[in-house]
Amino acid sequence: MDDSAPEFVSDPDAAFAAVADPTRVDVLRALAEHVRETGEQVCRFSTLRKRAGVEDPGRFRYHLEELRGHFVEKVDDGYRFTYAGGEIVGAILAGRYTDHERLGPTPLDGQCSVCGEDIAGRYEQGRIEVDCEAGHQLLSWPLPPNAATHATVAELAGVATSLVLHAVDLSLQGHCPRCYGPTTARIEPSDEGEMPQFRAACDTCAGLVVGPAWFALTVHPTVEAFYHDHDRPIREAMLWELAHVDYEATPADGEGVVRLSARLDDEVLHAVLAETGAVLSTRVEPVE
């Protein structure tokens, strides 16, 4: 193969076939080990071969070439991960495909924002979930088994909350939090008496962010400042602690698609959302 030739990513079947051999997985692990231990993104051929434990240079070169264009790329001083390579080795090392951690159910602080019942969390099948005794789900988010190895259920819920807020922020900017492709966000009506839904679906992959309409408020600077001024920083709260928001599905003045209000102490924040989830207006006023 001409080392100067451009490298192309072929179809998905070929990409998955490239990691079907255990030796190639060892190569990816070895490159990750090199990056972690040295802080250098590029590893020379001879160094990488030794780290991977492959004695025959010809055999090693064959497997390395099978990874090229998909998960590793050749540069002047050696080899480094492509974006896909970094992602897949991270998933392998995090145990996404092999480990099966299970935690809980564990009682958690707080009450259900829907009915006021006590809540509990559990981690299984690569997902952290929090719900109440009546079955209302307050949080559901995927996390790799590696995250649960040395963490409590409460700590996992905190990590998931941060990831949800980040996903909402990216989605409102039009980017999928999974593949970073274009995403369409919108506010969808719900049954009468229920909070309208925020829904962001990726136009490329299966990335999906779904939750109550107030999700769209959590990343707005005015809303963040409102919570911070009342000593309840959004970034330090659990997701269900932000859920005590009143709403009006059809604003009287016809602006936007939903009006939300959140009361903290002696003030109330009002916000109007567009169909896309964008915050059209906000105001803070004292409680009458």
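Since every read-out is calculated from the coordinates, none of them should be taken as a lab result. From a predicted model like this one, the values you see are computed outputs, not experimental measurements. Virtual Cβ from ideal backbone geometry, glycine too; neighbours counted across all protein chains shown.
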Pulled fully out, how much extra length does the chain show between LEU264 and ARG44, if you take 0.36 nm times their separation in residues and subtract their Cα-Cα distance?
73.4 nm
Which FRET efficiency value, to the nearest 0.05, do you get for VAL159 and ASP77 by plugging their Cβ-Cβ distance into 1/(1 + (r/R0)^6) with R0 = 35 Å?
0.45
Estimated inter-spin distance, LEU280 and ARG235, nm [label 7 Å along Cα→Cβ]:
3.0
Applied in sequence order to segment 101-108, the curve 6.51 cos²θ - 1.76 cosθ + 1.60 (Karplus, θ = phi - 60°) yields integer Hz couplings, x standing for Gly and Pro, of 6, 9, 9, x, x, 10, x, 10
Whole-Hz Karplus ³J(HN,Hα) for segment 228-244, in order, using 6.51 cos²θ - 1.76 cosθ + 1.60 and θ = phi - 60°, x for Gly and Pro?
5, 5, 9, 6, 9, x, 4, 6, 10, 9, 7, 4, 6, 6, 9, 8, 7
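For the residues LYS74, LYS50, what sequence is obtained by ranking on other C-beta atoms within 10 Å, fewest first?
LYS50, LYS74
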Give me the one-decimal nm value for the distance between modelled label points at GLU133 and GLU194, 7 Å along each residue's Cα-to-Cβ direction.
2.4
Using a ≥ b ≥ c from the Cα gyration tensor of segment 146-288 (square roots of the eigenvalues), is it rounded, prolate or oblate, where a/c under 1.5 gives rounded and otherwise the larger of a/b and b/c decides, a/b for prolate?
oblate
Which of VAL223, VAL19 has the fewest other C-beta atoms within 10 Å, and how do the rest follow up to the most?
VAL19, VAL223
Using a simple spin-label model with points 7 Å from Cα along the Cα→Cβ vector, what separation in nm is obtained for TYR180 and HIS166?
1.3
Checking the a/c ratio against 1.5 first, then a/b against b/c, what shape does the Cα gyration tensor give for segment 131-204?
oblate
Please list, ordered by chain and number, the residues whose modelled amide H lies under 5 Å from the amide H of LEU139; skip anything fewer than 5 residues away on the same chain.
VAL130
